[in-house]
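Following: one structure in structure tokens, then a few remarks.
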Amino acid sequence: RALGLVARSQAGASGLKALSPPRPRRLSHKGLHTFILCPMRWFLESLPDMADSSADPEPLAEGTLTHSLIGDMFRALAGADGRLAPGALQSAPSLLKQLYGKAVAGTIRSFGPALQPSLEATEPRIVDRLIRLVKAEGEFEAAGWEIGKFEANLAWDREDLGLVLEGRADRLAKGAGGRFALVDYKKNGTPSASQVRIGSDGTIGDFQLALYALMLSASGLEPGVALYWSVESGKPLYVFGGDAEKPDWQSFMPERDAVESLIRSTVAAMDEGRILQARPDESTCSSCGLKPICRAHFASEAR
């Protein structure tokens, strides 16, 4: 029945114009980002068993493996004070070799055994990158941050909008003065500095950590630093705090307002029933595996 709805026209009051998801709605960063790009894609991916499976599973599996190893590694290297134990850097190589097989086994349970040879072959490279991460942790600790929690769940109940925003931070670390650092690990590159700032049109290109920081603040915890870390390059991109252009959470107010605007415009679009609006665009559509059932690509919808 859902696919039949997709094939029908949105035009007119008798069509799908008033189709609106019930409240309270639940959105993750990924869901919010997808809706902004293309409401039709968001709708299709929201259907049971309809998630886009066209992506190459190998880099996804490697990313899952890497994230798992980062959390396991830091938990094993942590001392009683919540920081790296003495000799952590020296023990990291042997520790990672012990952890790697377990992490591979956990990953192939999700992605299938066909990827086991490629994941095992990446061990020297991933271990090298994570040892560099342990070295960099010394500078992070010197700035006052503990190791903290990994895969920390975040939520923001927007009763005023009938919306619950949900997220999971790769890492949430407590620092001096009770402030918190949000860290998101990227397997390859991070967003650019311009993408995490407001553009000339008043919007923000990459808002993942900005949204997570808003969730954290709404829970009563003060964000102190937000940064992306590229595992491959071994370099951070500070969104705010640290050596960022925006030195603290207060100076990040324009970006916070931009994210709030995105949230409100998305809720307004849902309230108006515009969840089947297709926004065909070459860059967006080229990465979408749902084109065969998207009305924007039907012959009757020729552009």
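Here are some notes:
- Within the accessible area of the stretch 58-160 (1.4 Å probe), percent carbon and sulfur: 54 percent
- Area of C288 that stays accessible when all protein chains are in place (1.4 Å probe, Å², to 10): 20 Å²
- Modelled FRET efficiency - R0 41 Å, R132 with E272, Cβ distances, 0.05 increments: 0.25
- Pair S265, R279: separation of 7 Å Cα→Cβ label points (nm): 0.7 nm
- Span-like helix criteria (full DSSP H runs; alpha carbon extent of at least 20 Å along the helix axis; mean Kyte-Doolittle hydropathy of at least -0.5) are satisfied in the chain by 57-77, 88-111, 123-142, 253-271.
- Dipole of the chain, positive end: most advanced residue of A173, F298, A152 [Cβ charges, Cα centre]: F298
- With a Cα cut-off of under 15 Å and a minimum spacing of 8 residues unless on different chains, the lysine pairs in the chain number 5.
- Fraction of antiparallel bridges per DSSP, the chain only, in percent to nearest 5: 60 percent
- Heavy atoms of the protein chains alone define the surface here; on that basis the chain has 49 Å² accessible area per residue at 1.4 Å probe size.
- Each 5 Å bin from zero holds the following percent of Cα-Cα pairs in the stretch 87-201: 2, 8, 12, 15, 19, 17, 12, 8, 5, 2, 0.
- Structure-based [θ]222 nm, the chain - -39500 (n - 2.57) summed over DSSP H runs of at least 4, per residue, nearest 500: -13500 deg cm²/dmol
- Stretchable slack from Q98 to D81, in nm (0.36 nm times residue separation minus alpha-carbon distance): 3.7 nm
- Inverse mean reciprocal Cα-Cα distance (Kirkwood Rh) of the chain, Å: 21.3 Å
The values are calculated or read from the model by the stated rules, or taken from the named source; none is laboratory data. As the structure is a prediction and not an experimental result, all values here were calculated from the model. Counting neighbours? That spans all protein chains shown, and the Cβs are built from the backbone with ideal geometry, glycine included. We work out accessible area using only protein heavy atoms, side chains counted, and drop any ligands, DNA or RNA first. Shrake-Rupley method; radii C 1.70, N 1.55, O 1.52, S 1.80 Å.
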